[in-house]
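K.L.:
Next up is a structure, given as structure tokens.
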Amino acid sequence: MRRAGSASTMSGVTSTAPIEPRRVVIVGGGVAGLEAALALDHLAETQVSVTVIAPERVFTPRALDLARPSAGLQAAELDLGRFMAEHGGRFRRTAVLGVDAERRTLSCTTGPDEPYDTLVVAVGASARPAYEHALTFGADFPACDELLAELAHRGPLSVAFVVPKACTWPVPLYELALMTAGEARLPNSGELRVHLVTPERRALELFGARASAAVAELLRAARVGLHCGIDADVHPGGRVGIGPEETLTVDRVVALAHLVGPSLAGLPADAHGFIPVDEYGRVTGVDAVYAAGDVTNHPIKHGGLASQQADAVAAHIASRAGAPVEAVPYTPVLRGQLLTELRATRPALWHPPAMVSGRYLAPYLDAHGLVALPPRQSAQGDGIDVRLPLSWFAQSVERRALLRDLPAAGA
């Protein structure tokens, strides 16, 4: 990525003519986009030149902010201009309005159209409230910050945490419920009444029976009421319907957001705005365009999986550009550790934190002091190692039915 090669070999004939690097444009300055940029720098340094386009000047792992004061996580902003300059690339600050695949150009909100030889779309997904009468975790960070502050300064407070139907990564809400229950030990917080309502048949069922039982025990020990198998209704006044004739009435309701794709002009999209891709991240029916991360139509939206997909995209691009790299299909595998002993200095359930996962991105952020990750804990008495292939999940008839129930993009 930093320089063009000066020689190439084909059929035993060596040329000393300079090679013009292939122009790769990455749209998006989040986890998938930065992972792809670092992977291309590692795999195809001399074969490609990379431009990252994003409307934000900096990258901040914002999803960690809520846990940082208690967990000891420290994060700083990553300046995207300096990041790309460090890796021999270019950063352009603007938003992309659409793709002209025939001309291989991007229309932008400011400045001229951006040409590309290969395009990687990694703009992520947008969070929308799942319920009108609830705080939305993942969309309204200030309101959730205010909730935690309120817990420490007023009298008895009851909270219901609601996982909406078709949510595929509910871990953050479990962590927030446990963190909130932990506030009950603060002198001024009074007696908290905390509930977690989920359509899952059991707690975090995605991870299997053993992990689910461990999480259920954590919730019980923290005095969090667990209500499973419930597609909840949320009504004004803190009323949460959890059955035909049963309602929880609480002071606050917090729910995870629904995610929708961007429906980017010029590219195909499903009913919810997500971009369909193949096993290498190639966008269906469009030449020289890839997508990675939450913007794609893969059902689980998770930083570690977004990074795996970005690595597969980068390897395929590098191979096509002539780098000595084998293109390997994206086979999503959820790897990590479900932590079963929560502490004041580590209230997380999942390690590593999803937002900073990645073969290249996580070590980079850690090495540059931008995110200080807690050390990986031993599984002996402390956690359950998880290595979960997810191909079955994406093909599940039941899951596809749940996804159809999501509100369509633009609705």
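K.L.:
How do 293-305, 217-229 rank on mean C-beta neighbours within 10 Å, highest first?
P.N.:
Going from most to least packed, we get 293-305, 217-229.
K.L.:
By per-residue mean of other Cβ atoms within 10 Å, what is the highest-first order of 22-29, 81-88?
P.N.:
22-29, 81-88
K.L.:
Next up: With the crude spin-label approximation of a point 7 Å out along Cα→Cβ, what separation in nm comes out for THR110 versus ARG128?
P.N.:
2.9 nm
K.L.:
If you take the charge dipole of the range 190-338 about its Cα centre, with +1 on Lys and Arg Cβ and -1 on Asp and Glu Cβ, which of ALA222, GLY322, LEU248 is farthest toward its positive end?
P.N.:
ALA222
K.L.:
Oh, and also: Around GLN308, what is the net charge, scoring Lys/Arg as +1 and Asp/Glu as -1 over all other residues with Cβ under 11 Å from its Cβ?
P.N.:
0
K.L.:
For the range 164-287, what are Rg and Dmax over the alpha carbons, in angstrom?
P.N.:
18.7, 61
K.L.:
Give me the one-decimal nm value for the distance between modelled label points at GLU77 and ARG335, 7 Å along each residue's Cα-to-Cβ direction.
P.N.:
Taking the two extended label points, one gets 3.3 nm.
K.L.:
Mind jotting down the three principal axis lengths of the range 252-340 based on Cα atoms? Whole angstrom, largest first.
P.N.:
Here the Cα extents, ordered largest to smallest, are 56, 39, 13 Å.
K.L.:
Quick one: putting +1 on the C-beta of Lys and Arg, -1 on the C-beta of Asp and Glu, what dipole do you get for the range 238-318 around its Cα centre, in Debye to the nearest 20?
P.N.:
180 debye
We did not get these values from a lab; they are worked out from the coordinates using the rules stated. A quick note: this is a predicted structure, and the numbers were derived from the prediction, not measured. Neighbour counts run over all protein chains shown; Cβ positions are idealised from the backbone, glycine included.
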